[in-house]
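Chemist: My questions all concern the structure below.
The values are calculated or read from the model by the stated rules, or taken from the named source; none is laboratory data. Treat the numbers as computed from the prediction; the structure is a model and nothing was measured. So basically every Cβ, Gly included, is an ideal-geometry build from the backbone, and we count neighbours across all protein chains shown. These accessible areas exclude ligands, DNA and RNA; they are computed on the full protein's heavy atoms, side chains included. Shrake-Rupley method; radii C 1.70, N 1.55, O 1.52, S 1.80 Å.
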Amino acid sequence: MRQTTGPEFIRFFRPIIEVLQESGGSGTASEIVDRSLELAKISEAEQEAVNKNGLSRVKNQVHWARQYLVWAGYLDSSRRGVWNLTVKGTTVSLTTFNPLDIFKAVQSTRADLKRDKKQSVPQADEPIPSDTEIKDHRTALLDLIKSLSPGGFERLSQRLLRESGFQHVTVTGRSGDGGIDGIGTLQVNPFVSFNVLFQCKRYQGAVTPSQVRDFRGAMMGRADKGLIITTGTFTLEAKREARRDGVPPIELVDGDILVEMFERLELGLIPKRDFDVDEKFFEEYKK
């Protein structure tokens, strides 16, 4: 359990492995990030902070931690949005696991690999050189969406909802309307449909529980369900507020999910189908 100094992100080494061990060895990125923040007891104020690139500072640290655990052999390098433990990660004892030792070992190994290059210790404000390096379009897409005018983002959200199966999607965007930017109808089947009010937040920070409550107050009596779309993130308390029992549910779409929706719909993106064969993947099947 020993840990002294070192970069701030190594505090997430143990929570990530602990969560994955509890989850049977794998979990979606969003699930692992949220649960790791809970285990590390990260405050709401820290969750709202962003780095110089406009990314969630603390979530960026979790991704840095994940990358180091991949380099150390505790997690595999899957790029499918699912984090997986290796055999090493599954069997490691967290009672003797020391994050600082892991960090130093990785730094030493990577220094050997890049002996001819200067490699500085990553800082909390640096963007993670993660498994999304090969997906530069994700960052470019999100930056482009953030650069839109408020009205442009509302119209883009309208198009996204229509492409996702909503009907009669109308953008209101009236001032003094409690933050409601539009309404649409989702037809579940020929017998069931419900109205959804949506709000568009085009910014870099984190949506807080008070903002979720304010939106719910504005939608009361006007729709069956709410939807908040943001280019930023949601704090853990905001997510809990959205799922709270006894009140109208609110679905949350953050920047990562927003990009995934554009990818799935191939909306505003030019698909490419090039692949490289990963020979290592097939080695175990040659035995």
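Chemist: How do the peptides 7-19, 60-72 rank, highest first, by the average count of neighbouring beta carbon atoms within 10 Å per residue?
Modeler: So the order, starting with the most tightly packed, is 60-72, 7-19.
Chemist: On a full-extension model of 0.36 nm per residue, what is the gain between ASP214 and LYS88, subtracting their alpha-carbon distance, rounded to one decimal in nm?
Modeler: Gain on stretching ASP214 to LYS88: 40.7 nm.
Chemist: Another question, if that's okay. How far apart, in nm, are two points set 7 Å out from the Cα along the Cα-to-Cβ line at PHE191 and at GLU279?
Modeler: In this crude label model, PHE191 to GLU279 measures out at 5.8 nm.
Chemist: Next up: Heavy atoms only, probe 1.4 Å: what % of the accessible area of region 13-61 goes to carbon and sulfur, would you let me know?
Modeler: Carbon and sulfur: 48 percent of the exposed surface of region 13-61.
Chemist: ASN53 label point, 7 Å along Cα→Cβ, cut-off 20 Å on backbone N: hits in region 62-96?
Modeler: 62-72, 77-83
Chemist: Which three lengths, in whole Å and largest first, does region 21-110 cover when its Cα atoms are put on their principal axes?
Modeler: Projected onto its principal axes, the Cα set of region 21-110 covers 35, 30, 28 Å.
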